[in-house]
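A short worksheet on the structure shown next.
The values are calculated or read from the model by the stated rules, or taken from the named source; none is laboratory data. Since the structure is predicted, the reported quantities are computational estimates derived from the model, not experimental observations. Cβ placement follows ideal geometry from the backbone for every residue including glycine, while neighbour counts extend to all protein chains displayed.
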Amino acid sequence: MSKTIKLRKGLDIKLVGEADKVKANVDFANNFVIRPGDFHGLTPKLVVKIGDQVKAGSVLFYNKYNEEVKFTSPVAGEVTDIVRGEKRKILSINIRANADNAYEDFGTKDVTKISGEEVKKQLLDSGVWAFIKMRPVDVIANPKDQPKAIFISAFDSSPLAPDYDFVLHGENVAFQAGITALTKLTKGTVHLTVNSDSTPDTAFSGAKGVQINKISGKHPVGNVGTQIHHIDPINKGEIVWTVNAQDVVIIGKLFLTGKFDATRIIALTGSEVKTPKYYKSIIGAPVAKIVAGNINDGNVRIIGGNVLTGDKITADGNLGFYHLQITVIPEGTEPKFMMTKGWMEPGFGKFSTNRSYFSWMFPNKKYKMDTNLNGEVRNFVVTGEMEKVFPFDIYPMQLVKSVMYNDIDLMEKLGIYEVAPEDFALCEFVCTSKIDIQDVIRQGLDVIHKECM
Amino acid sequence: MMRKMEPDHHGKWAKFHPVWDGFYTFLFTPGETTKKGTHIRDGIDLKRTMFFVILALLPCLLFGMYNTGHWHYVAETGNFDLPYWEQFGDKFIYGLLQVLPIVIVSYGVGLGVEFIFAIKNKHAIQEGFLVSGMLIPLIVPADVPLWMVAFATVFAVVLAKEVFGGTGMNVVNVALTARAFLFFAYPSMMSGDKIWMSGLADKTDKVEGFSGATPLGELASFTTDEPVHASLAAFSDKWSLSDSIMGYLPGSVGETSFIAIMIGCALLLYTGIASWKIIFSFFAGGLAIGYLLNAVSLNMYMDLDPIHHLMLGGFAFGAVFMATDPVTASQTSTGKYIYGFLAGAMAIVIRVLNPAFPEGVMMAILLMNVLAPLIDHYVVQSNIKRRLKRLKTA
């Protein structure tokens, strides 16, 4: 039984620099980096030493408190460095890739025939398990849990997001294998949610064994959290797993080929990119190789992911484990004089949800936005603005405040189990008082994870 | 240039960093960038929000100045039928000289207190008072002594705001607290029939039978044994509905003209800065009670046309600029309807049924400010119940 949902609330931020639908290859004979910090809340236990030779799929480290969950190398090569920070915390594992990309062989399997336990074991051994996340608390799923459903979003609605219909075109077989594998992991339903405003690729529309739901509206309509809330909301004590559509393909390939294939199509986007397009890349790849010669001069910020939820990457940094996109936008470190660019300007060129800027008159204009806060941090003053961009039956401001004063009981009642930081990204964007709301929600989820689960 | 003057965080002037910061950020939006999470931010900030409220108040301020001048000349000559728009320059200049000092005192004292608290508590200067400082002059009679304004401002900023932690933390509206302080501390200067026409109190050779009472004061007399007017018709002859729409009435500086208020209201609604839900339900609440009183009709005051009610006194001003203060109003969407409706209804109830207070808007809004968290509590509880119910049915 599929559902069709229409959302009224939300906000599409239109930015300059959408990726052209061209795929380019980059040469990656270089350093790859895996950061345990990409996996929120993980305490890693190292397996490799400096100088070890690894293959793609070799275990690098595992979860100290859940040894089944292993993390593996995306490429074959030599471990050149293990960077540690305060209290010897492992910051990153650097691997220099070999020319011959050797893979660990996990054995090809026919997913339609094997049991859920076998699927689980293969995913855990190969490190592919890390692509399966759980709600509540938005961390890597615990293999001991019984999820009531698994959700996959077939599109990304965030600003300049990669077009999954383009990225996954022609991956029908691997996608279907991944879906079939996931159906073995839950007694409930696997939900695939497509955008009803466009025609999904046959990889999605032809998927079998899933419930295909349709949803339409503005961002965050593509966020899996929004979809869960409207299709099968999470109550206290229930668990739902989520997987990104591109990662379903990686899961599928694991069973079809027996290899951990960490290649992904990522989108290079943003106003400071000269020719935005798609690249075939690998997890942990150096961004310098991808953006080289293709970004404008000046002070720019490179973001792994989209502008709402991504992570800042230094120019010599690497792609994170979950990054499917690179966005390059100007830094906003220049002070802005009040009359010309600051708070008193007429505002034809500044994007705002507030009509005090005249930019609302051009709804289809695409903007070039920088990283300036456009104001200073204050207490909450304005009310009602978050509700307009938050399509949940949850009071966002009350929930954020309950986290701020650490009232676990109230957080539970107000619906913290249903949300992830990314769901609050737009609230953070519109907040007049410039509060880091995603960070607050993350803290709330950490408290819940520690105290209640 | 400003950068050079920035006090060192550890130097001798470090304590005054908030003051410098206040001026600097007034001139420039700082080059502060996002750190994590959302990398881009909406253009709106609190300064711009507050600035638009001040813009919206300007028509009221300008009209209020002129109106002050007009009633001064009425009091001078004793001629009620003085043509409203004649002697335009004289009236405006008189009003300007009368009102501007109040604005200056209100801002000077209020910002002074803000600066002191910012230095003491080491927080940045907050923008909230930019609006409060403009609201205070608009809700007092033009003849109010400046030292009273200063006292009231200090009282309001310290007790209504800073003790709670500054803008965004206050429970009741700051400007209304100042007004309430004046009302209770100096009742002789805040009510009666001497103060509403500038210069009337000092005048010794008063014209026989001349009263400077506001229309609401005269209306309130219907509930006493000695009504000013013999009937409502006589009242409407003197103070017609169109007078109150245009604002040709004596009263507090900014509250009289419905048209000026509506210009501000349009700006606030159009930019979305004020909640239309509150304004709408505030008027709805006033109308509902007005018609209810019409139906009961125990005295002549109760028979007053509810529409006329809404145009008189501070009702419209309160609805647009006071009740909509986002910090002290209800924060939930449903709560805003309830809050506005009750505040509007209460204002009329206090006006008509309590002869001690000719005007009830201030009291009604202050009371609802206090009750707003309670309303929100019940609205949020209903959401919580809905979620629990889902768990049971599932």
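Tabulated data
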item	result
Boolean, A:Met369 is within 17 Å of A:Asp12 (Cβ to Cβ) and in contact with a strand residue (DSSP E or B) (Cβ under 9 Å, 6 or more places away or on another chain)	yes
Residue in region B:370-388 that is modelled with pLDDT of 90 or more and among the charged types (D, E, K, R) present	yes
Pick from region B:260-294, criterion of a type in the set (Val, Ile, Thr) and within 16 Å of A:Thr383 (Cβ to Cβ), ranking: surrounded by the fewest Cβ atoms within 10 Å (Cβ to Cβ)	B:Thr271
Residue ID - surrounded by the fewest Cβ atoms within 10 Å (Cβ to Cβ), chosen from residues in region B:239-251 that are out of contact with any helix residue (DSSP H, G or I) (no Cβ under 7 Å at 6 or more places or on another chain) and in contact (Cβ under 8 Å) with a residue 60 or more places away in the chain	B:Tyr248
Number of positions in region B:46-78 that are under 26 Å from B:Leu267 (Cα atoms), away from chain A (no Cβ under 14 Å) and of a type in the set (Phe, Trp, Tyr)	2
Selection within region A:105-127 - in contact with a strand residue (DSSP E or B) (Cβ under 8 Å, 6 or more places away or on another chain) and at negative phi	A:Leu124, A:Asp125, A:Ser126
Within region A:31-141, strands (runs of 3 or more DSSP E) holding 3 or more residues that are more than 30 Å from A:Lys208 (Cβ to Cβ)	A:31-34, A:44-46, A:59-63, A:66-72, A:77-84, A:90-97
Some residue of region A:81-90 being at pLDDT 90 or above and closer than 26 Å to A:Ala177 by Cβ	no
Flag for B:Gly340 being modelled with pLDDT of 90 or more and more than 14 Å from chain A (Cβ to nearest Cβ)	no
Residues of region B:139-169 satisfying the condition of being surrounded by 23 or more Cβ atoms within 10 Å (Cβ to Cβ), within 14 Å of chain A (Cβ to nearest Cβ) and not in a helix (DSSP H, G or I)	B:Thr167
Which listed residue, of B:Ala288, B:Ala230, is more than 22 Å from the chain's Cα centre (by Cα), among the small types (Gly, Ala, Ser) and farther than 30 Å from B:Leu82 by Cβ	B:Ala288
Selection status of B:Trp147, over 30 Å from B:Gly360 (Cβ atoms) and without any contact (Cβ under 8 Å) to a residue 60 or more places away in the chain	no
Lone unmet requirement of (1) modelled with pLDDT under 90; (2) surrounded by 15 or more Cβ atoms within 10 Å (Cβ to Cβ); (3) over 30 Å from A:Lys218 (Cα atoms); (4) in contact with a strand residue (DSSP E or B) (Cβ under 6 Å, 6 or more places away or on another chain) for A:Asn63	(1)
Near pairs, Cβ below 6 angstrom, 6+ apart or cross-chain, from region B:371-382 (more than 15 Å from A:Met397 (Cα to Cα)) to any residue that is of a type outside the set (Phe, Trp, Tyr) and assigned to a helix (DSSP H, G or I)	B:Ile375/B:Gly335; B:Ile375/B:Ile338
Close pairs (7 angstrom Cβ cut-off, 6 or more residues apart or separate chains): without any contact (Cβ under 8 Å) to a residue 12 or more places away in the chain and assigned by TED's automatic domain parsing to the domain that holds B:Ala347 in region B:282-298, of a type outside the set (Val, Ile, Thr) and surrounded by fewer than 22 Cβ atoms within 10 Å (Cβ to Cβ) anywhere	B:Val296/B:Met302; B:Ser297/B:Asp303
The one condition in (1) under 22 Å from the mean Cα position of the chain (by Cα); (2) aliphatic (A, V, I, L, M); (3) facing chain B (nearest Cβ under 7 Å) that A:Met397 fails to fulfil	(1)
Residue match in region A:336-343 (condition: in contact with a helix residue (DSSP H, G or I) (Cβ under 8 Å, 6 or more places away or on another chain), buried (at least 20 other Cβ atoms within 10 Å of the Cβ) and at pLDDT 85 or above)	no
Test for B:Ile348: is it assigned to a helix (DSSP H, G or I), under 23 Å from B:Pro187 (Cα atoms), away from every other protein chain (no Cβ under 14 Å) and touching a residue at least 40 places away in the same chain (Cβ under 8 Å)	yes
Any hit, region B:322-342, residues being under 19 Å from B:Ala213 (Cβ atoms), among the acidic types (Asp, Glu) and either surrounded by 21 or more Cβ atoms within 10 Å (Cβ to Cβ) or touching a helix residue (DSSP H, G or I) at 6+ places or on another chain (Cβ under 8 Å) (or both)	no
A:Ala76 being more than 21 Å from the chain's Cα centre (by Cα), under 27 Å from A:Ala292 (Cβ atoms) and not assigned by TED's automatic domain parsing to the domain that holds A:Glu387	yes
Filter result for the condition that a residue is closer than 22 Å to B:Asn170 by Cα and within 14 Å of another protein chain (Cβ to nearest Cβ), over B:Ser106, B:Ser132	B:Ser132
Subset of region B:328-369 (residues that are charged (D, E, K, R) and either out of contact with any Ser or Thr (no Cβ under 7 Å at 6 or more places or on another chain) or more than 23 Å from A:Pro396 (Cβ to Cβ) (or both))	B:Arg351, B:Glu359
Some residue of region B:278-286 being modelled with pLDDT of 90 or more, assigned to a helix (DSSP H, G or I) and touching a His at 6+ places or on another chain (Cβ under 9 Å)	yes
Conditions (1) of a type in the set (Gly, Ala, Ser); (2) surrounded by 20 or more Cβ atoms within 10 Å (Cβ to Cβ); (3) part of a loop (DSSP other than H, G, I, E, B); number of the one not met by A:Gly252	(3)
Residue match in region B:129-142 (condition: in contact (Cβ under 8 Å) with a residue 60 or more places away in the chain and in contact with a Cys (Cβ under 7 Å, 6 or more places away or on another chain))	yes
Residue within region A:24-47 that is out of contact with any helix residue (DSSP H, G or I) (no Cβ under 8 Å at 6 or more places or on another chain), within 14 Å of chain B (Cβ to nearest Cβ) and not aromatic (Phe, Trp, Tyr) present	yes
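The rows are residues; the columns are (1) out of contact with any Pro (no Cβ under 9 Å at 6 or more places or on another chain); (2) more than 9 Å from every other protein chain (Cβ to nearest Cβ); (3) within 25 Å of A:Lys350 (Cα to Cα).
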position	(1), (2), (3)
A:Pro391	no, yes, yes
A:Met404	yes, yes, no
A:Asp409	yes, yes, no
A:Glu412	yes, yes, no
A:Phe424	no, no, yes
A:Val430	yes, no, yes
A:Asp436	yes, no, yes
A:Leu445	no, yes, no
